[in-house]
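Working notes, structure below.
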Amino acid sequence: MRTKNHVISLIESEKKALSPIDTKRWIWSDGISSLLFGHWHIQVYKKLLERGTSHEAAEK
């Protein structure tokens, strides 16, 4: 129910809420460990990969 200019009406709306899917995290290859986007470890990880370090060694 909603009122606008003192007129009561019924409306249908779709509410947006929090999602159970966490899309703001960087998940490591083990599928368990994660970091928030923007964490400094992610920048170091990317730089190590650019230098040719393997994924496994860069994650440690």
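Would you be able to tell me the number of residues in region 4-25 that are more than 30 Å from residue 40 (Cα to Cα), modelled with pLDDT of 80 or more and either touching a strand residue (DSSP E or B) at 6+ places or on another chain (Cβ under 6 Å) or not β-branched (Val, Ile, Thr) (or both)?
Adding up the residues that qualify gives 9.
Take the residues in region 28-39 that are farther than 18 Å from residue 57 by Cβ and outside any loop (DSSP other than H, G, I, E, B); name whichever of them is farthest from the chain's Cα centre (by Cα).
Ranking the candidates gives 34 first.
The values are calculated or read from the model by the stated rules, or taken from the named source; none is laboratory data. Owing to the predicted nature of the structure, the values given are computational and were not obtained by experimental measurement. Glycine gets a Cβ as well: all are built from the backbone with ideal geometry, and neighbour counts include every protein chain shown.
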